[in-house]
Structure formats: structure tokens, C-alpha cells
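Structure, as C-alpha cells:
The values are calculated or read from the model by the stated rules, or taken from the named source; none is laboratory data. Model, not experiment: these values are computed from the prediction. Reconstructed Cβ throughout: ideal geometry from the backbone, glycine too, with neighbour counts over all protein chains shown.
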Amino acid sequence: MEKEAGPDAAAARSDDPWCGTPAVGWDVPGGAGAGPAEEPSGSTERHSHSAAEIYLEVQRSPAFREVRRRYRRFVGPAAAAFLLWYLAYVIAATTAHDLMARPVIGVLNVAMLAGLGQFLTTFLLTWAYARHARLHRDRDALELRWETQEMTRGAGR
């Protein structure tokens, strides 16, 4: 790797949010229990806290709160809208028999179209959630993950 990409290529991190990071110690030849990994100089101050303290610190950070806020701003309204749509379908199916039995096109009636609409909205909501996560949360969440892993590397567990 050094020959083609230079000596710093192995230290560069990927910007791909789906790129997995091995657990601490798995890259050590003896396995996870082979011994402590080498810490970069000057990082002992960050590792003096326990892992629980580090996670609480990250949870209280403005960056974490922003990721959670973005998540809630999408999931809350989307879940409420889908639940209302589902309940409207169930209530209409059980109480408005004449409306649901009304033919629309050939053998397709309102109930069949609404049922197919349930499937369609499920897939659309899944697509919208994945798109929102990719565009508004994944990069920031990945940054938090990298920072947290760096902070917990070598911390007492």
C-alpha cells in the first residue's frame, strides 16, 4: 500500500459512511486480547476517562443533539402521518362499506386501491427515510462515531 499510495494512505479514513471499522484490537496479530494498541503521542489526556463518561460527554455534545434533532424532525411527523393514513384505511374499511366497495376501474374498487396505496406509501416512506438519513444525518453521525472511537480507544471499560 505504501508503494502505490504513499506512507500516509493507511492512516487516511474513508468518507464512505458504510465503511465498517474493525473493533479495537482486532487488527492486532494476536487478536482482541493481544495487548493494548499503541496510542498516538499527546492523546493520553483524552483517554483518562472511562468509556461510560466518554459516551455521556458525547451524548451531551451539541453535535449529537443536532443529529438527534434532525432524526426526530423527520421520524415524528412521518410516523404520525403514516399512522393516521393507516388508521383512516382501517376505519374506512370497517365502517364505510359502501364507499370501499365502490368500483373505480374494472374490478378494482376503492378498498383495493387504498390497500395497494398502503404498500406504496410504505415503500415511499422507507425511501424518504433513507434519503433523509443520507443527506442530513449520516455524515454527522459518522463523524461522531469516529470521534467517539478515538476517545474510547484505550479507555478503561
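For the range 103-124, indicate whether the set of residues that are assigned to a loop (DSSP other than H, G, I, E, B) and closer than 30 Å to Leu142 by Cβ is non-empty.
Checked against the condition, which is being assigned to a loop (DSSP other than H, G, I, E, B) and closer than 30 Å to Leu142 by Cβ, the range 103-124 yields no hits at all.
Of everything in the range 63-89, what is under 24 Å from Trp127 (Cα atoms) and among the aliphatic types (A, V, I, L, M)? Give them in sequence order.
Val67, Val75, Ala78, Ala79, Ala80, Ala81, Leu83, Leu84, Leu87, Ala88, listed by residue number.
Tally the residues that are among the aliphatic types (A, V, I, L, M) and at pLDDT below 50, restricting the search to the range 29-79.
Number of matching residues: 3.
Suppose the filter is assigned to a helix (DSSP H, G or I), modelled with pLDDT under 95 and over 16 Å from the mean Cα position of the chain (by Cα); does Gln149 pass it?
Answer is yes for this residue.
Out of curiosity, is Arg157 modelled with pLDDT under 90 and surrounded by 13 or more Cβ atoms within 10 Å (Cβ to Cβ)?
no
Please indicate, with yes or no, whether at least one residue in the range 74-96 is over 30 Å from His132 (Cα atoms) and not in a helix (DSSP H, G or I).
Scanning the range 74-96 turns up at least one residue that is over 30 Å from His132 (Cα atoms) and not in a helix (DSSP H, G or I).
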